[in-house]
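Read-outs: derived from the displayed coordinates by stated rules, not from any lab. Since the structure is predicted, the reported quantities are computational estimates derived from the model, not experimental observations. Reconstructed Cβ throughout: ideal geometry from the backbone, glycine too, with neighbour counts over all protein chains shown.
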Amino acid sequence: MFNRPNRRDVNEGIENINNDIKQLADSLEEVLKSWGSDAKDEAESARRKAQALLKETRARMHDRNRVQQVARDAVGCADTFVKDNPWCSVGAAAAIGIFVGALLSLRR
């Protein structure tokens with residue numbers, strides 16, 4: 001019926017997208033470097049804008065990769081905690097459920 005992707009497939013997809021974007025950025029950088037310095041003012045302006053956009057994109061990709069790594073580490077820690085302390089996790093889930101239920105009953 002419904003095939004849920006596993007974590008490995010998602011991570012591979014993310015890595016493939018990151019590699020594609022990196023290759024595209026590298027190609028754009030090579031094109032910008034090969035562009036002669038005797039271009040017109042408009043072309044030079046476009047070149048500067050493209051270089052600025054390339055630097056910004058690389059910085060965003062670096063930040064996104066760092067955020068993804070932190071999220072993966074947090075999920076790994078939570079997974080380990082739940083596996084090591086199953087009853088504590090069940091108790092915490094029950095307490096949260098009671099709290100949410102109490103909030104919903106007060107709302108009426």
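Would you please state the base-10 log of I(q)/I(0) at q = 0.11, 0.17, 0.19, 0.23 1/Å for the range 7-107, with intensities from the Debye formula using one equal scatterer on every alpha carbon? Rounded to two decimals, the profile gives -0.62, -0.91, -1.00, -1.14. The number of Lys pairs in the range 7-107 with C-alpha atoms less than 17 Å apart, excluding pairs fewer than 8 positions apart on the same chain, is 5. Report the gain in length on full extension from Ala92 to Ala50: 0.36 nm times residue separation, minus Cα-Cα distance, nm rounded to one decimal. Contour length minus the Cα-Cα distance gives 10.0 nm. Calculate, for Ser105 and Val82, the FRET efficiency according to 1/(1 + (r/R0)^6) with r their C-beta to C-beta distance and R0 25 Å; round to the nearest 0.05. Once rounded, the FRET efficiency stands at 0.35. Once the convex hull of all Cα atoms in the range 49-108 is built, its volume per residue stands at 94 Å³. Computed from the Cβ-Cβ distance with R0 of 22 Å, the FRET efficiency linking Leu32 to His62 stands at 0.70.
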